[in-house]
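Asker: Can you keep this structure in mind? I'll have questions shortly.
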Ligand code: 5AD
């Protein structure tokens, strides 16, 4: 087997190198994390950007086998945050120097929804005279909807591909024609065509997912030339069909370490993209966030959803920080950033440098 030290000196990483890094021991992985952290500081700077996350609604037309808010889960109390509350959260973000907000929700598609989101984007843009960056994460939509939201002022979009392994994708989604890999990919192309900074990502440690499959996910991100990435460990949820396969999962800590290896390798493959330290990482490890920063993540999304709704947006179990007070969450995040030897990018959009280079904008 090739030594990790040798692989880390290479300028081009092959498929085999990536698999080897994913399989690295704890000691070897530390070398990988160090190299990724160095690469991030050199190429991207030593700042972590904050995006206030508003989980706007848990209504969902999809029925993904892994997700706690899937359409068929009748134990979820469905909600839509009122427009005024969304704006209050956005004002909180502005006042507390989170440079951007992320509006995330279950997948809804209707003329009324398109219009409602469009209006909210325009209102958020008025806060502090266009001070806040806006990222959307609202699933697959048609071109017209994506365009209207972009023209209203959203400039980044997150849409995970979930896995690039077509067989695995088919296993974790219903075969009803409403959950196809092709449609997901098509949506990513539309987003890019319209001009968004495009983010994608995968779940890590799914039942039946191999290291080879994860290596192909990373190479897909490189080949698609993504601007941003949000990925994290798969975490089981009792009220989903995939719960029955929990005996196939890696233990939580191993799933966590595999996830931050993915972050580190992506940082080496794509030094100038934005990579998020995700809530799922925090859920599997008490120091998850700081460790993700030390492995090359440079974005974090503090939850600013009004507390009354939070318990109804559980994609998986034991979600970290669900009932954390805003101020406590904020100071903990800032302290984690400092712990990792980095600085918070206060009141900055922190756009993807990769996007700027790719488009010249
Ligand atoms: N575990 C981890 N991540 C999940 N997601 C949905 N369900 C789970 C789960 N059980 C992720 C998906 C989706 C994102 C919004 O949340 O990747 O794209």
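Derivation of every value follows stated rules applied to the coordinates shown; laboratory data play no part. Note that this is a predicted model, so its numbers are computed, not measured. Methodologically, a virtual Cβ is constructed for each residue, glycine included, from the backbone with ideal geometry; neighbour enumeration extends over all protein chains shown.
Asker: Could you list, bin by bin from short to long, the percent of Cα-Cα pairs of the stretch 159-222 in 10 Å steps?
Answerer: Whole-percent P(r) values from 0 Å outward: 20, 52, 25, 2.
Asker: Another question, if that's okay. With springs only between Cα atoms under 10 Å, which of 100, 24, 14 fluctuates most in a Gaussian network model of the chain?
Answerer: In the Gaussian network model the winner is 14.
Asker: Given the chain, what percent of its DSSP beta bridges are antiparallel, to the nearest 5?
Answerer: Antiparallel bridges make up about 5 percent of those DSSP assigns within the chain.
Asker: Turning to a different aspect of this structure: When N counts the residues of the stretch 24-356, how does its alpha-carbon radius of gyration compare numerically with 2.2 N^0.38 Å, as a ratio?
Answerer: Here the answer is 0.92, to two decimals.
Asker: Which parts of the stretch 269-289 would a label at residue 318 reach, counting a residue when its backbone N lies under 17 Å from a point 7 Å out along Cα-to-Cβ?
Answerer: Zone members listed by number: 278-289.
Asker: Which of 288, 341, 99 moves the most in a Gaussian network model of the chain with Cα springs under 10 Å?
Answerer: Its mean-square fluctuation being the largest, the pick is 341.
Asker: State, to one decimal in nm, how far the label point of residue 356 lies from the label point of residue 247, with both points 7 Å from Cα in the Cβ direction.
Answerer: 5.3
Asker: Provide the convex hull volume over Cα atoms per residue for the stretch 83-135, in Å³.
Answerer: So the per-residue hull volume is 70 Å³.
Asker: To the nearest 0.05, how large is the calculated FRET efficiency for residue 26 and residue 186 if R₀ is 30 Å and r is the Cβ-Cβ distance?
Answerer: 0.15
Asker: Also: Taking R0 as 25 Å, what's the FRET efficiency between residue 339 and residue 239 from their Cβ-Cβ distance, rounded to 0.05?
Answerer: Computed FRET efficiency for residue 339 and residue 239 comes out at 0.10.
Asker: Now for a different question. 222 nm [θ] for the chain, helices only, -39500 (n - 2.57) per DSSP H run of 4+, per residue, to 500?
Answerer: -13500 deg cm²/dmol
Asker: In addition: What nm distance separates the two modelled labels at residue 72 and residue 193, each placed 7 Å from Cα along Cα→Cβ?
Answerer: Result for the modelled spin labels: 3.3 nm.
Asker: What is the packing order of peptides 210-221, 266-277, taking the mean over residues of other C-beta atoms within 10 Å and listing the highest first?
Answerer: 266-277, 210-221
Asker: If I stretch the segment between residue 129 and residue 175 completely, what's the gain in nm (0.36 nm per residue apart, minus their alpha carbon distance), one decimal?
Answerer: Once the chain is fully extended between residue 129 and residue 175, it gains 12.0 nm.
Asker: So, one more: With Rg and the Kirkwood Rh both taken from Cα atoms, where does Rg over Rh land for the stretch 48-122?
Answerer: 1.02
Asker: A further question on this structure: Using Cα-Cα distances under 8 Å and only pairs 6 or more residues apart, what relative contact order does the stretch 15-155 have, in percent?
Answerer: 22
Asker: Remind me, relative contact order of the stretch 24-356 in percent, using alpha carbon pairs under 8 angstrom and six or more residues apart?
Answerer: 27
Asker: Next question, about the same structure. What nm value, rounded to one decimal, do you get for the distance between residue 122 and residue 347 when each label is placed 7 Å out toward the C-beta?
Answerer: 2.8
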